[in-house]
Amino acid sequence: MTEKGLVLVVEDERPIADLLRLYLSRDGFGVNVEHDGAAGLAAARRMRPVACVLDIGLPSMEGTEICRRLREDGDWTPVVFLTARDDEVDRILGLELGGDDYLTKPFSPRELVARVRALLRRAAGPGEGERVRTLGPVSLDPARRSVTVADRPLVLTPTEFDLLGHLLRRPGRVFTREELLAGVWGYASHAGTRTVDVHVAQLRAKLGDAAGLIRTVRGVGYTADA
C-alpha cells in the first residue's frame, strides 16, 4: 500500500486501464485493475480502496450497478464514472446511484488523477475548528461530517455533503455553477455544470420538506436561504 492509498480501476479496455494505472501510480497511489464488473465489485468489497474509477460499460456488470451495490452496503467510497456514451442518461443515472463525478472518453489521464485527488481532499473533511452550520431545520457538522433535518439524521454522499456545506457556508450568497464546480469538485469547466444541477436535484430530493432552502437563481446558479 502506498502513502496515498489504493485506487480501484474497473475498465475493460486494457490500454486505458494500463494508462490509468501508470498515471495514478506516478502520483503516489496504489492501483488495482479489474477488467470485469463482477470482479470489480468483489475487489471493492475485499480491498476497501480509497476511491473507485468505474467504467459504465463493463462485461457481466455495469459500473453503475457496482456503485449501486456498494451504496446499498453502506460503502460511500468516492466513485468516478467513465463513459464512452456522451449522453445525459448515463451521467444522471450514475450520479443518482451515488457517484461523485464522471469523465467522458476520450479524456486526459492527468485530469482523471486530478479529479481523484479532489474527491479525496473533500472526503478527508475540514479541520476540527469548523463550526456547525444551521439553516432552518438543517444542521451540518463539518467535523463529524453529519447532517440532520429537524434532528433526524440524513445520509448524503460525500459530494452531496460538500455541496450542502459550501452553500451553507455563506447563506444568501448566490453561487454560479462554475463557482460550485471549482469550490466543491475542485475544477471549473462550463461543460461540467450539468453535474452541479444533478447533484442539487438529488440533494433536494433527500432534504424532503427542507428542499426549499436551496433556491435556484435563474440564469445564475444556486443559493441556500431560509
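The values are calculated or read from the model by the stated rules, or taken from the named source; none is laboratory data. Note that the coordinates shown come from a computational prediction; the quantities given were computed from them, not determined experimentally. So basically every Cβ, Gly included, is an ideal-geometry build from the backbone, and we count neighbours across all protein chains shown. In case anyone asks, the SASA skips ligands and DNA or RNA and just uses the protein heavy atoms, side chains included. Shrake-Rupley method; radii C 1.70, N 1.55, O 1.52, S 1.80 Å.
Quick check on packing: order 138-145, 46-53 by the mean number of other C-beta atoms within 10 Å, highest mean leading.
The densest-packed peptide leads the list: 46-53, 138-145.
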Exposed GluC sites (Glu not before Pro) being those in a DSSP loop with at most 11 other Cβ atoms within 10 Å, the longest stretch of the chain free of them is 4-127
Roughly how many percent of the accessible protein surface of the chain is carbon and sulfur, given a 1.4 Å probe and a whole-percent answer?
-> 51 percent
For the chain, what value does the Rg/Rh ratio take when both radii are computed over Cα atoms and Rh is the Kirkwood radius, given to two decimals?
-> 0.97
If you bin every alpha carbon distance in segment 136-226 into 10 Å steps from zero, what whole percent lands in each bin?
-> 17, 55, 25, 2
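Kindly provide the helix-only [θ] at 222 nm of the chain, computed as the sum of -39,500 (n - 2.57) over DSSP H runs of four or more divided by all residues, to the nearest 500 deg cm²/dmol?
On the way: 8 runs with 90 residues, N = 226.
The helix-only estimate for the chain comes to -12000 deg cm²/dmol at 222 nm.
Whole number in Å², please: accessible area per residue of the chain, 1.4 Å probe, ligands, DNA and RNA not counted.
On the way: 10360 Å² over 226 residues.
Heavy-atom accessible area per residue stands at 46 Å².
Using DSSP, restrict attention to beta bridges with both residues in the chain and report what percent are antiparallel, rounded to the nearest 5. Before the final figure, lay out the partial values.
Values: 16 of 33 bridges.
Percent antiparallel among DSSP bridges in the chain is about 50.
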Between R110 and A211, the two model label points (7 Å from Cα along the beta-carbon direction) sit apart by a distance in nm of 4.1 nm
